[in-house]
Amino acid sequence: MQKILAVDDDKDILEIIQLILEDSGYEVETLADGQHLFEKINEVHPDLIILDIMLGNLDGRDLCRKVKAKMETHDIPVIMLSASHTITEGFTKNGNPDDFIAKPFDIEVLIQTVEKD
């Protein structure tokens, strides 16, 4: 079973992502605070990270860049989520995610994006 770490400061979004993906057979861990991202990665050892761009006072693109820069985590695919950014902004601001999903997202789009990454 593939482990997914979903990171979003909106607990309702986290709950929806968790329900959808667990119903699709994934093991899902959630994190509402990007400050503790690397601690959670070390604890969970996810196969995939779903990461919101706007995490309160943190920028998810910065966190994505840090994930991709570390030897221990650079191979973990990262899917960025955003309600306020476009795919172009999400990919060109040096976050280097593997994929992007706009909020609000369609359930099928979420599942298909996770399956391909």
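Which members of the stretch 77-117 meet the condition of being open to solvent by 50 Å² or more (accessible area, probe 1.4 Å), touching a helix residue (DSSP H, G or I) at 6+ places or on another chain (Cβ under 6 Å) and either modelled with pLDDT of 85 or more or in a strand (DSSP E or B) (or both)?
ILE107 - this is the single residue of the stretch 77-117 that is open to solvent by 50 Å² or more (accessible area, probe 1.4 Å), touching a helix residue (DSSP H, G or I) at 6+ places or on another chain (Cβ under 6 Å) and either modelled with pLDDT of 85 or more or in a strand (DSSP E or B) (or both).
Exactly one condition in (1) touching a Pro at 6+ places or on another chain (Cβ under 8 Å); (2) under 12 Å from VAL114 (Cα atoms) is false for LEU21; which is it?
(1)
Does ILE50 satisfy being modelled with pLDDT of 90 or more, aliphatic (A, V, I, L, M) and in contact with a Ser or Thr (Cβ under 7 Å, 6 or more places away or on another chain)?
Working: modelled with pLDDT of 90 or more: yes; aliphatic (A, V, I, L, M): yes; in contact with a Ser or Thr (Cβ under 7 Å, 6 or more places away or on another chain): no.
No: the conditions fail for ILE50.
Which one is farthest from PHE100 (Cα to Cα), of the residues in the stretch 1-53 that are touching a strand residue (DSSP E or B) at 6+ places or on another chain (Cβ under 6 Å) and open to solvent by 50 Å² or more (accessible area, probe 1.4 Å)?
Of everything passing the filter in the stretch 1-53, MET1 is farthest from PHE100 (Cα to Cα).
For residues that are small (Gly, Ala, Ser) and over 14 Å from the mean Cα position of the chain (by Cα), scanning just the stretch 54-76, find the one that is most open to solvent (accessible area, probe 1.4 Å). Working first, answer last.
So the first thing to find is which residues in the stretch 54-76 are small (Gly, Ala, Ser), and the list is 56, 60, 69.
Narrowing further to those that are over 14 Å from the mean Cα position of the chain (by Cα): 56, 69.
Details: GLY56: 63, ALA69: 82 Å².
Per the criteria, the residue is ALA69.
The values are calculated or read from the model by the stated rules, or taken from the named source; none is laboratory data. Because the structure is a prediction, the values reported are computed rather than measured. So basically every Cβ, Gly included, is an ideal-geometry build from the backbone, and we count neighbours across all protein chains shown. For the accessible areas, the whole protein counts, side chains as well, though only heavy atoms, and no ligand, DNA or RNA atoms are used. Shrake-Rupley method; radii C 1.70, N 1.55, O 1.52, S 1.80 Å.
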